[in-house]
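Just so it is clear, none of the values below were taken in a lab; they were calculated from the coordinates. No experiment lies behind these values; they were computed from the predicted model shown. Neighbour counts are summed over all protein chains in view; Cβ atoms, including those assigned to glycine, are modelled from backbone coordinates with ideal geometry.
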Amino acid sequence: MAENNEQCIMVVGAHAADAEVMGGATTLKHVDAGWKAVMVHMTPGEKGHPKLSPEEYKKIKDEEAQEAAKRLGAACVSMPWPDGELPVNEEVQMALADVIREYKPTVILTHWKGSFHRDHNNTHDNVLASLFYAGLKTFVRKHPPHAVRRIYFAENWEDMEGFRPEVYLDTTDVFDRYIHAIHAYALFRGEVVPFRYEQWYRGASRMRGAEAGFDQAVTLMPHKSYYGSWQTVDLLQPKP
């Protein structure tokens, strides 16, 4: 497949690990096609370890995020807010807009708002609000303005209330590498909490694949102000 180095996919997650688990397979498909990629973590997710202090776990999560990004062929950006304390405000949105202006994503994947987790919902709200600051040239920042072409909400087991799968992407050819990438995190190796993340995402990939006629697939929900209809796609590349 021809490379297109002007295209970039950005995945914005609430905690280090969210971006990879919900967007890692999609990222690999696009990196293989020559896209640039960047994983953005709004918080480290450092308060979720049953034994380690937040300070200790943050160091581990930061290292894991870098390794996971390396395995995905993506850049890694860690924002400064603490786990469980991500606000919805102009400061966060401007900071995220600066990241968007710097990396110039064609497409952004992030959380759907139907989550039981506060940081996930707040990430959703901040991402959508940041598009205004990123795209308007009258906000003078370090980098020039940039308009994102499309926004998608990724399927995440914590964000399923009201989530509607509308775009299906065949991930059969990258799934093993996706598992290798998320295994950079102890969380996904079953060493932190008892929830079986890998089992859930393996099952979801088979279910979504069956719905679309693939062996394995991920589904996405497009932001309606950009576009949307049930479809299978090879890539999330916007039409000219």
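Failed condition for Glu85, given (1) among the acidic types (Asp, Glu); (2) within 18 Å of the chain's Cα centre (by Cα); (3) surrounded by fewer than 19 Cβ atoms within 10 Å (Cβ to Cβ); (4) assigned to a loop (DSSP other than H, G, I, E, B), with all others met?
All conditions pass for Glu85, except number (2).
If I ask for residues that are more than 17 Å from Val233 (Cβ to Cβ) and either of a type in the set (S, T, N, Q) or in contact with a strand residue (DSSP E or B) (Cβ under 7 Å, 6 or more places away or on another chain) (or both), which ones from the range 161-176 would you list?
Once the filter is applied, which keeps residues that are more than 17 Å from Val233 (Cβ to Cβ) and either of a type in the set (S, T, N, Q) or in contact with a strand residue (DSSP E or B) (Cβ under 7 Å, 6 or more places away or on another chain) (or both), the range 161-176 yields only Phe163.
So which residues in the range 208-220 are under 24 Å from Val107 (Cβ atoms) and out of contact with any Gly (no Cβ under 8 Å at 6 or more places or on another chain), if there are any at all?
The answer is Arg208, Gly209, Glu211, Ala212, Gly213, Phe214, Val218, Thr219, Leu220.
Here is a list of conditions, (1) buried (at least 17 other Cβ atoms within 10 Å of the Cβ); (2) not in a helix (DSSP H, G or I), and Met160 meets all of them except one; can you say which number that is?
With (1) buried (at least 17 other Cβ atoms within 10 Å of the Cβ); (2) not in a helix (DSSP H, G or I) applied to Met160, the lone miss is (1).
Please enumerate the residues belonging to the range 134-177 that are over 29 Å from Arg71 (Cβ atoms) and in contact (Cβ under 8 Å) with a residue 24 or more places away in the chain.
Here is the first cut: in the range 134-177, the ones over 29 Å from Arg71 (Cβ atoms) are 135-142, 144-145, 147, 161-162, 164.
Selection gives Phe139, Arg141, Lys142, Pro144, Pro145, Glu161, Gly162, Arg164.
Can you tell me which of Ala33, Ala16, Ala95, Ala75 is in contact (Cβ under 8 Å) with a residue 12 or more places away in the chain and crowded, with 24+ Cβ neighbours inside 10 Å?
That would be Ala16, the only listed residue that is in contact (Cβ under 8 Å) with a residue 12 or more places away in the chain and crowded, with 24+ Cβ neighbours inside 10 Å.
From Glu46, Glu56, Glu64, which residue is of a type in the set (Asp, Glu) and in contact with a strand residue (DSSP E or B) (Cβ under 9 Å, 6 or more places away or on another chain)?
The conditions single out Glu46.
Just to be sure, is Asp119 touching a residue at least 60 places away in the same chain (Cβ under 8 Å) and surrounded by 22 or more Cβ atoms within 10 Å (Cβ to Cβ)?
So Asp119 passes the test.
Would you call Ala69 in contact with a strand residue (DSSP E or B) (Cβ under 6 Å, 6 or more places away or on another chain), aliphatic (A, V, I, L, M), closer than 16 Å to Gly23 by Cα and buried (at least 19 other Cβ atoms within 10 Å of the Cβ)?
yes
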